[in-house]
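Structure record follows, encoded as structure tokens.
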Amino acid sequence: MGQYYHAVSLDANQFLMAHDHCGKKEDGGLNGLKLMEHSYIRNPLTAAVESLLMKGGAWYGHRIVWAGDYADPEPETVTEKNKRGQNLYDLIRNKLIVDVEDQKRKGHLRYLVNLDKNLFVDLNKIPKIPDWGVRIHPLPLLTCEGNGRGNGDFRYDYDEKPEYDKLIGSWARDRIAMEGKKPKDKEELIFDIVEP
């Protein structure tokens, strides 16, 4: 079965859902609930989250998770009565959904910054997927929890690309921001994934 994802701010206790950002072709094409249906630069969902992460945005510098519905349970929800527990995707459903109308694209900033790990990704350096002309957005892949457990997830060959195992999900729950200027005090992370 397919795994669905929500973009979550742990600090604001809010989330965005992909289907709230209707996937019209003229707005960037694919926009489903599965990870690889919306993880592209200029996609309506990733654009809305970028706007939230800009300076002055409601989620600027917040701890971000792309929460999958097949992710591990939150430890505090596992009890003797409920051994399965609940994951973040389940827990956040009762929280505030960010007003979609307020999150229209406010411009595209070039640098995705991890404030905890002192790293950044230059979105302009991400290669295009051959024959398709789009680029994978690093934010959903770097911050996802539960990847690899459902259809529509990012898939890769562990033997061929062992570095992806340490990369995918490595920024989950870190403080994230979007910046217009290249961060001088941070190291650049080369994100060159073009296709699973």
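FRET efficiency for the pair residue 77 and residue 55, taken as 1/(1 + (r/R0)^6) with r the Cβ-Cβ distance and R0 = 30 Å, rounds to 0.30. Here the Karplus curve 6.51 cos²θ - 1.76 cosθ + 1.60, taken at θ = phi - 60°, turns the phi angles of region 51-59 into couplings of 4, 5, 8, 6, 4, x, x, 5, 10 Hz, with x standing for Gly and Pro. Normalised by residue number, the volume inside the convex hull of the Cα atoms of region 142-196 is 113 Å³ per residue. Summing charges over all other residues whose Cβ lies under 10 Å from the Cβ of residue 118, with Lys and Arg as +1 and Asp and Glu as -1, gives -1.
Amide H to amide H distances under 5 Å link residue 137 with 40, 41, where only residues 5 or more positions off or on other chains count and H is placed in the peptide plane. The GluC sites (Glu not before Pro) of region 33-91 that DSSP puts in a loop, and whose beta carbon has at most 16 other beta carbons within 10 Å, are 80.
Both radii are taken from the alpha-carbon atoms of the chain; with Rh as the Kirkwood radius, Rg/Rh is 0.95. Applying a DSSP loop filter and a limit of 12 other Cβ atoms within 10 Å to the GluC sites (Glu not before Pro) in region 118-196 leaves 160. Charged neighbours of residue 173, selected by a Cβ distance under 14 Å, balance to -3 (K, R count +1; D, E count -1). Kindly provide the chymotrypsin sites (Phe, Trp or Tyr not before Pro) of region 135-178 that DSSP labels as loop, not H, G, I, E or B, and whose Cβ sees at most 11 other Cβ atoms within 10 Å. Counting only loop positions with at most 11 other Cβ atoms within 10 Å, the chymotrypsin sites (Phe, Trp or Tyr not before Pro) in region 135-178 are 158. Extension gain, residue 161-residue 192: 0.36 nm per intervening residue step, less the Cα-Cα distance, totals 10.0 nm. Computed over neighbours whose Cβ is under 13 Å from that of residue 8, the net charge equals -2, Lys and Arg +1, Asp and Glu -1.
Listed by Cβ neighbour count within 10 Å, with the fewest neighbours leading, 115, 53 appear as 115, 53. Taken along the Cα-to-beta-carbon direction at a fixed 7 Å, the label points for residue 117 and residue 86 span 2.9 nm. Residues whose amide H comes within less than 5 Å of that of residue 195, counting only those at least five positions distant or on another chain, are absent (H built at 1.01 Å from N in the peptide plane). In the chain, excluding the sites themselves, the longest stretch lacking any of the trypsin sites (Lys or Arg not before Pro) that are in a DSSP loop with at most 10 other Cβ atoms within 10 Å is 85-180. Per residue, the chain reaches -3500 deg cm²/dmol at 222 nm when only DSSP H runs of four or more residues are counted, each adding -39500 (n - 2.57).
FYI, it's all coordinate maths here, none of it is from the lab. Since the structure is predicted, the reported quantities are computational estimates derived from the model, not experimental observations. Heads up, the Cβs are rebuilt from the backbone with ideal geometry, glycines too, and the neighbour counts pull from every protein chain shown.
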